[in-house]
Amino acid sequence: MANLDEIVQDIADEMRRRTDRGEVASYIPELARVDPNAFGIAVIDADGNVVAAGDSDTPFSIQSISKVFTLTLALGKAGDRLWRKVGREPSGSAFNSIVQLEHERGIPRNPFINAGAIAVTDSILSGHQPREALGEILRFMQFLSDDPTITIDRAVAASEQRTGFRNAALANYMKSFGVLDNPVEYTLGVYFHHCAIAMTCKQLAAAGRFLAHSGLNPATGSLVVHPERAKRINAIMLTCGHYDGSGEFAYRVGLPGKSGVGGGILAIAPGKASIAVWSPGLDAAGNSHLGRVALEALTKRMGWSIFGV
Ligand code: GLN
(Lines give C-alpha, C1' and ligand atoms only; values in the text may rest on other atoms or scores of the structure.)
Protein backbone atom coordinates (compact mmCIF):
# COMPACT_ATOMS: atom_id res chain seq x y z
CA MET A 1 0.00 0.00 0.00
CA ALA A 2 2.75 2.44 0.91
CA ASN A 3 3.94 1.96 -2.61
CA LEU A 4 0.67 2.99 -4.25
CA ASP A 5 0.35 5.87 -1.79
CA GLU A 6 3.76 7.16 -2.67
CA ILE A 7 3.27 6.78 -6.40
CA VAL A 8 -0.08 8.61 -6.37
CA GLN A 9 1.39 11.44 -4.30
CA ASP A 10 4.43 11.66 -6.59
CA ILE A 11 2.23 11.85 -9.66
CA ALA A 12 0.03 14.58 -8.15
CA ASP A 13 3.13 16.59 -7.20
CA GLU A 14 4.55 16.24 -10.69
CA MET A 15 1.26 17.25 -12.33
CA ARG A 16 1.09 20.36 -10.14
CA ARG A 17 4.48 21.45 -11.47
CA ARG A 18 3.77 20.87 -15.16
CA THR A 19 3.00 23.83 -17.32
CA ASP A 20 1.68 21.93 -20.37
CA ARG A 21 -1.92 21.82 -19.26
CA GLY A 22 -3.95 21.85 -22.51
CA GLU A 23 -7.00 24.07 -23.06
CA VAL A 24 -10.08 24.18 -20.84
CA ALA A 25 -13.27 23.55 -22.86
CA SER A 26 -15.06 26.79 -23.62
CA TYR A 27 -17.79 25.75 -26.06
CA ILE A 28 -19.94 25.15 -22.99
CA PRO A 29 -19.48 28.64 -21.46
CA GLU A 30 -19.96 27.50 -17.87
CA LEU A 31 -17.09 25.00 -18.16
CA ALA A 32 -14.67 27.79 -19.12
CA ARG A 33 -14.88 29.11 -15.54
CA VAL A 34 -13.06 26.11 -14.07
CA ASP A 35 -9.54 26.59 -12.63
CA PRO A 36 -7.08 25.19 -15.22
CA ASN A 37 -4.57 24.41 -12.47
CA ALA A 38 -6.81 21.94 -10.66
CA PHE A 39 -5.59 18.36 -10.51
CA GLY A 40 -7.09 15.44 -8.64
CA ILE A 41 -6.59 11.69 -8.56
CA ALA A 42 -8.30 8.88 -6.64
CA VAL A 43 -7.50 5.18 -6.85
CA ILE A 44 -9.60 2.50 -5.15
CA ASP A 45 -7.86 -0.86 -5.07
CA ALA A 46 -9.43 -4.32 -4.89
CA ASP A 47 -9.50 -4.24 -1.08
CA GLY A 48 -11.33 -0.93 -1.05
CA ASN A 49 -8.37 1.20 0.00
CA VAL A 50 -8.82 4.75 -1.27
CA VAL A 51 -5.58 6.43 -2.24
CA ALA A 52 -6.08 10.04 -3.34
CA ALA A 53 -4.12 13.23 -3.89
CA GLY A 54 -4.60 16.79 -5.11
CA ASP A 55 -8.13 18.09 -5.62
CA SER A 56 -9.71 14.67 -5.22
CA ASP A 57 -12.62 16.05 -3.16
CA THR A 58 -13.56 18.84 -5.55
CA PRO A 59 -16.65 18.11 -7.69
CA PHE A 60 -16.22 18.60 -11.44
CA SER A 61 -18.52 18.17 -14.43
CA ILE A 62 -18.29 14.52 -15.47
CA GLN A 63 -19.68 15.29 -18.98
CA SER A 64 -19.08 12.32 -21.29
CA ILE A 65 -17.97 10.02 -18.49
CA SER A 66 -21.70 9.80 -17.74
CA LYS A 67 -21.99 7.87 -21.03
CA VAL A 68 -20.48 4.77 -19.40
CA PHE A 69 -23.27 4.76 -16.86
CA THR A 70 -26.10 5.56 -19.27
CA LEU A 71 -24.86 2.71 -21.48
CA THR A 72 -24.94 0.40 -18.46
CA LEU A 73 -28.49 1.48 -17.60
CA ALA A 74 -29.74 1.24 -21.19
CA LEU A 75 -28.29 -2.24 -21.64
CA GLY A 76 -30.05 -3.25 -18.43
CA LYS A 77 -33.37 -2.10 -19.88
CA ALA A 78 -33.12 -2.96 -23.58
CA GLY A 79 -30.44 -5.68 -23.56
CA ASP A 80 -28.96 -6.44 -26.97
CA ARG A 81 -31.85 -4.62 -28.68
CA LEU A 82 -29.91 -1.45 -27.91
CA TRP A 83 -27.41 -2.39 -30.65
CA ARG A 84 -30.08 -1.78 -33.28
CA LYS A 85 -29.81 1.94 -32.51
CA VAL A 86 -26.09 2.30 -31.96
CA GLY A 87 -22.95 0.52 -33.12
CA ARG A 88 -19.84 -0.44 -31.18
CA GLU A 89 -16.96 0.43 -33.49
CA PRO A 90 -14.45 3.23 -32.92
CA SER A 91 -15.38 6.29 -34.94
CA GLY A 92 -12.01 7.80 -35.82
CA SER A 93 -13.69 11.21 -35.69
CA ALA A 94 -14.40 13.96 -33.19
CA PHE A 95 -16.86 13.41 -30.34
CA ASN A 96 -19.40 15.74 -31.92
CA SER A 97 -18.87 14.78 -35.57
CA ILE A 98 -21.87 14.52 -37.88
CA VAL A 99 -20.19 13.12 -41.06
CA GLN A 100 -20.59 9.40 -40.38
CA LEU A 101 -24.26 9.71 -39.52
CA GLU A 102 -25.27 10.31 -43.12
CA HIS A 103 -23.27 7.37 -44.46
CA GLU A 104 -24.61 5.09 -41.78
CA ARG A 105 -28.24 6.14 -42.00
CA GLY A 106 -28.51 7.82 -38.65
CA ILE A 107 -27.03 4.92 -36.62
CA PRO A 108 -24.15 6.33 -34.57
CA ARG A 109 -20.85 4.45 -34.53
CA ASN A 110 -20.70 3.83 -30.77
CA PRO A 111 -22.37 4.80 -27.48
CA PHE A 112 -19.55 7.12 -26.40
CA ILE A 113 -19.58 9.72 -29.17
CA ASN A 114 -22.25 12.36 -28.68
CA ALA A 115 -24.65 10.98 -31.30
CA GLY A 116 -24.42 7.49 -29.79
CA ALA A 117 -24.91 8.74 -26.26
CA ILE A 118 -27.95 10.75 -27.35
CA ALA A 119 -29.42 7.56 -28.87
CA VAL A 120 -28.70 5.70 -25.60
CA THR A 121 -30.36 8.47 -23.58
CA ASP A 122 -33.39 8.27 -25.87
CA SER A 123 -33.64 4.56 -25.11
CA ILE A 124 -33.57 5.20 -21.33
CA LEU A 125 -36.21 7.90 -21.76
CA SER A 126 -38.70 5.70 -23.61
CA GLY A 127 -41.79 5.07 -21.51
CA HIS A 128 -40.86 7.78 -18.99
CA GLN A 129 -41.12 11.49 -18.45
CA PRO A 130 -37.78 13.31 -18.85
CA ARG A 131 -37.73 14.14 -15.14
CA GLU A 132 -38.15 10.46 -14.21
CA ALA A 133 -35.45 9.32 -16.63
CA LEU A 134 -33.03 11.90 -15.31
CA GLY A 135 -33.88 10.94 -11.73
CA GLU A 136 -33.16 7.32 -12.58
CA ILE A 137 -29.73 8.19 -14.01
CA LEU A 138 -28.83 10.36 -11.02
CA ARG A 139 -30.00 7.71 -8.53
CA PHE A 140 -27.94 5.12 -10.38
CA MET A 141 -24.82 7.28 -9.91
CA GLN A 142 -25.64 7.76 -6.23
CA PHE A 143 -26.21 4.02 -5.81
CA LEU A 144 -22.92 3.10 -7.50
CA SER A 145 -20.93 5.62 -5.49
CA ASP A 146 -22.94 4.80 -2.36
CA ASP A 147 -23.29 8.55 -1.93
CA PRO A 148 -26.70 10.27 -2.01
CA THR A 149 -25.15 13.75 -2.09
CA ILE A 150 -24.20 13.61 -5.79
CA THR A 151 -26.12 16.25 -7.76
CA ILE A 152 -26.51 17.84 -11.16
CA ASP A 153 -24.87 21.22 -11.76
CA ARG A 154 -27.90 23.06 -13.16
CA ALA A 155 -25.81 26.02 -14.34
CA VAL A 156 -23.69 23.74 -16.53
CA ALA A 157 -26.78 21.99 -17.92
CA ALA A 158 -28.47 25.31 -18.71
CA SER A 159 -25.29 26.63 -20.29
CA GLU A 160 -25.11 23.64 -22.62
CA GLN A 161 -28.83 23.78 -23.33
CA ARG A 162 -28.39 27.36 -24.56
CA THR A 163 -25.39 26.61 -26.75
CA GLY A 164 -25.74 22.94 -27.76
CA PHE A 165 -26.59 23.57 -31.40
CA ARG A 166 -24.31 20.82 -32.66
CA ASN A 167 -25.93 18.23 -30.40
CA ALA A 168 -29.35 19.49 -31.50
CA ALA A 169 -28.26 18.96 -35.11
CA LEU A 170 -27.11 15.41 -34.34
CA ALA A 171 -30.36 14.60 -32.54
CA ASN A 172 -32.58 16.06 -35.26
CA TYR A 173 -30.62 14.20 -37.89
CA MET A 174 -31.05 10.89 -36.08
CA LYS A 175 -34.71 11.67 -35.52
CA SER A 176 -35.14 12.07 -39.30
CA PHE A 177 -33.96 8.46 -39.70
CA GLY A 178 -36.34 7.26 -36.98
CA VAL A 179 -33.48 6.35 -34.64
CA LEU A 180 -34.86 8.48 -31.78
CA ASP A 181 -38.29 7.57 -30.40
CA ASN A 182 -38.92 10.57 -28.17
CA PRO A 183 -39.27 14.31 -28.85
CA VAL A 184 -35.80 15.67 -29.61
CA GLU A 185 -36.03 18.37 -26.95
CA TYR A 186 -36.85 15.80 -24.25
CA THR A 187 -33.96 13.53 -25.21
CA LEU A 188 -31.52 16.44 -25.39
CA GLY A 189 -32.74 17.83 -22.07
CA VAL A 190 -31.99 14.53 -20.31
CA TYR A 191 -28.66 14.23 -22.16
CA PHE A 192 -27.45 17.72 -21.20
CA HIS A 193 -28.44 17.17 -17.60
CA HIS A 194 -26.72 13.81 -17.17
CA CYS A 195 -23.56 15.28 -18.71
CA ALA A 196 -23.79 18.01 -16.04
CA ILE A 197 -23.64 15.60 -13.08
CA ALA A 198 -20.88 16.85 -10.77
CA MET A 199 -18.67 14.36 -8.95
CA THR A 200 -15.34 14.25 -7.17
CA CYS A 201 -12.52 11.90 -8.19
CA LYS A 202 -13.27 9.81 -5.10
CA GLN A 203 -16.97 9.48 -5.96
CA LEU A 204 -16.21 8.65 -9.57
CA ALA A 205 -13.62 6.01 -8.72
CA ALA A 206 -16.19 4.45 -6.36
CA ALA A 207 -18.83 4.45 -9.10
CA GLY A 208 -16.46 2.64 -11.48
CA ARG A 209 -15.59 -0.22 -9.13
CA PHE A 210 -18.15 -2.64 -10.58
CA LEU A 211 -16.31 -2.44 -13.90
CA ALA A 212 -13.03 -3.42 -12.23
CA HIS A 213 -14.58 -6.40 -10.47
CA SER A 214 -16.60 -8.27 -13.09
CA GLY A 215 -19.83 -6.43 -12.43
CA LEU A 216 -19.72 -6.62 -8.63
CA ASN A 217 -19.38 -3.51 -6.50
CA PRO A 218 -17.29 -4.82 -3.61
CA ALA A 219 -18.23 -1.82 -1.43
CA THR A 220 -21.93 -2.64 -1.35
CA GLY A 221 -21.86 -6.32 -2.37
CA SER A 222 -24.30 -5.62 -5.19
CA LEU A 223 -23.96 -7.33 -8.54
CA VAL A 224 -24.53 -4.31 -10.79
CA VAL A 225 -24.21 -6.20 -14.07
CA HIS A 226 -23.39 -9.73 -15.19
CA PRO A 227 -19.60 -10.32 -15.53
CA GLU A 228 -19.91 -10.67 -19.28
CA ARG A 229 -21.56 -7.26 -19.55
CA ALA A 230 -18.83 -5.64 -17.46
CA LYS A 231 -16.26 -7.19 -19.80
CA ARG A 232 -18.06 -5.79 -22.83
CA ILE A 233 -18.43 -2.29 -21.40
CA ASN A 234 -14.69 -2.29 -20.65
CA ALA A 235 -14.01 -3.37 -24.23
CA ILE A 236 -16.00 -0.43 -25.59
CA MET A 237 -14.23 1.93 -23.19
CA LEU A 238 -10.89 0.71 -24.49
CA THR A 239 -11.77 1.06 -28.16
CA CYS A 240 -14.07 4.11 -28.10
CA GLY A 241 -13.66 5.88 -24.73
CA HIS A 242 -11.41 8.68 -25.98
CA TYR A 243 -12.93 9.40 -29.40
CA ASP A 244 -10.21 9.87 -31.97
CA GLY A 245 -7.63 9.63 -29.19
CA SER A 246 -8.66 6.09 -28.19
CA GLY A 247 -5.71 4.47 -29.95
CA GLU A 248 -3.25 6.83 -28.31
CA PHE A 249 -4.81 6.24 -24.87
CA ALA A 250 -4.57 2.46 -25.30
CA TYR A 251 -1.00 2.83 -26.53
CA ARG A 252 0.12 5.01 -23.64
CA VAL A 253 -2.06 3.93 -20.72
CA GLY A 254 -3.30 0.47 -21.69
CA LEU A 255 -6.55 0.54 -19.72
CA PRO A 256 -10.24 0.87 -20.58
CA GLY A 257 -11.02 4.53 -19.98
CA LYS A 258 -13.64 7.19 -20.55
CA SER A 259 -12.96 10.89 -20.76
CA GLY A 260 -15.18 13.94 -20.53
CA VAL A 261 -14.69 17.55 -21.63
CA GLY A 262 -14.84 18.59 -17.97
CA GLY A 263 -11.30 17.14 -17.82
CA GLY A 264 -12.10 13.91 -15.98
CA ILE A 265 -11.09 10.39 -16.94
CA LEU A 266 -12.36 7.16 -15.40
CA ALA A 267 -9.96 4.28 -15.99
CA ILE A 268 -10.39 0.64 -15.04
CA ALA A 269 -7.58 -1.76 -14.14
CA PRO A 270 -9.55 -5.02 -14.23
CA GLY A 271 -9.26 -6.98 -10.99
CA LYS A 272 -7.01 -4.31 -9.55
CA ALA A 273 -8.44 -0.82 -9.29
CA SER A 274 -10.87 1.87 -10.33
CA ILE A 275 -9.13 5.18 -10.99
CA ALA A 276 -10.45 8.70 -11.52
CA VAL A 277 -8.29 11.65 -12.52
CA TRP A 278 -9.20 15.25 -13.20
CA SER A 279 -7.30 18.05 -14.90
CA PRO A 280 -9.48 20.49 -16.88
CA GLY A 281 -7.05 21.25 -19.73
CA LEU A 282 -7.81 19.21 -22.85
CA ASP A 283 -5.77 18.03 -25.81
CA ALA A 284 -6.82 18.45 -29.45
CA ALA A 285 -9.13 15.41 -29.30
CA GLY A 286 -10.99 16.81 -26.26
CA ASN A 287 -9.39 14.50 -23.69
CA SER A 288 -7.73 15.66 -20.46
CA HIS A 289 -4.07 16.18 -21.27
CA LEU A 290 -2.54 15.80 -17.81
CA GLY A 291 -5.17 13.23 -16.88
CA ARG A 292 -3.75 10.97 -19.56
CA VAL A 293 -0.17 11.78 -18.61
CA ALA A 294 -0.93 10.93 -14.98
CA LEU A 295 -2.59 7.63 -15.89
CA GLU A 296 0.33 6.72 -18.12
CA ALA A 297 2.71 7.26 -15.19
CA LEU A 298 0.46 5.31 -12.80
CA THR A 299 0.01 2.25 -15.02
CA LYS A 300 3.71 2.20 -15.83
CA ARG A 301 4.82 2.36 -12.20
CA MET A 302 2.18 -0.10 -10.96
CA GLY A 303 2.46 -2.50 -13.92
CA TRP A 304 -1.29 -2.15 -14.43
CA SER A 305 -1.61 -1.98 -18.23
CA ILE A 306 -3.86 -4.80 -19.43
CA PHE A 307 -1.20 -5.50 -22.03
CA GLY A 308 1.44 -6.40 -19.44
CA VAL A 309 4.68 -4.94 -18.02
N1 GLN B 1 -21.98 17.43 -22.95
C2 GLN B 1 -20.84 17.40 -23.83
C3 GLN B 1 -21.29 17.56 -25.27
O4 GLN B 1 -22.27 17.02 -25.64
C5 GLN B 1 -20.10 16.11 -23.66
C6 GLN B 1 -18.91 15.98 -24.58
C7 GLN B 1 -17.72 15.35 -23.96
O8 GLN B 1 -17.56 15.29 -22.75
N9 GLN B 1 -16.82 14.93 -24.80
O10 GLN B 1 -20.67 18.24 -26.05
Could you derive backbone 3J(HN,Hα) for the stretch 217-229 from the dihedral phi with the Karplus parameters 6.51, -1.76 and 1.60 (θ = phi - 60°), listing whole Hz in sequence and x where the residue is Gly or Pro? 8, x, 5, 10, x, 8, 7, 6, 9, 4, x, 5, 5
First check a/c for the stretch 14-82, with a ≥ b ≥ c the square roots of the eigenvalues of its C-alpha gyration tensor; if it is under 1.5, answer rounded, and if not, answer prolate when a/b is larger than b/c or oblate otherwise. oblate
Quote the FRET efficiency, to the nearest 0.05, computed for Ser222 versus Glu89 with a Förster distance R0 of 25 Å and r equal to the Cβ-Cβ distance. 0.20
Under a 10 Å cutoff between Cα atoms, tell me which one of Pro90, Pro280, Pro183 has the largest fluctuation in the Gaussian network model of the chain. Pro183
Heavy atoms of Asp35: accessible area, 1.4 Å probe, square angstrom to 10: 80 Å²
Got the relative contact order for the chain handy, in percent, Cα pairs under 8 Å and 6 or more residues apart? 26 percent
Using a Förster distance of 22 Å, the FRET efficiency for Arg154-Lys77 (Cβ separation, nearest 0.05): 0.30
MRE, 222 nm, helices only [DSSP H, n ≥ 4, -39500 (n - 2.57), over the chain, to nearest 500]: -14000 deg cm²/dmol
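What FRET efficiency comes out for Arg131 versus Asp57 if R0 is 35 angstrom and r is the Cβ-Cβ distance? Round to the nearest 0.05.
For Arg131 and Asp57, the calculated efficiency is 0.75.
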Order 243-253, 146-156, 196-206 from most to least packed using the mean count of other Cβ atoms within 10 Å. 196-206, 243-253, 146-156
Candidates Ser259, Ser214, Ser274; GNM for the chain (alpha-carbon contacts under 10 Å) flags as most fluctuating Ser214
Take every Cα pair under 8 Å in the stretch 103-202 that's 6+ residues apart, average their separations, divide by the length, and report that relative contact order as a whole percent. 42 percent
Cα-centre dipole for the chain with unit charges at Cβ (Lys and Arg positive, Asp and Glu negative), debye to 20: 680 debye
Using 7 Å Cα-to-Cβ label points, what is the Asp181/Glu23 separation (nm, one decimal)? 4.0 nm
For Gly87, residues with placed amide H under 5 Å, excluding near neighbours: Arg109, Asn110
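The values are calculated or read from the model by the stated rules, or taken from the named source; none is laboratory data. Note that this is a predicted model, so its numbers are computed, not measured. Don't worry about glycine lacking a Cβ; one is built from the backbone with ideal geometry, like all the others, and counts go over all protein chains shown. For accessibility, only protein heavy atoms count, side chains too; no ligands or nucleic acids. Shrake-Rupley method; radii C 1.70, N 1.55, O 1.52, S 1.80 Å.
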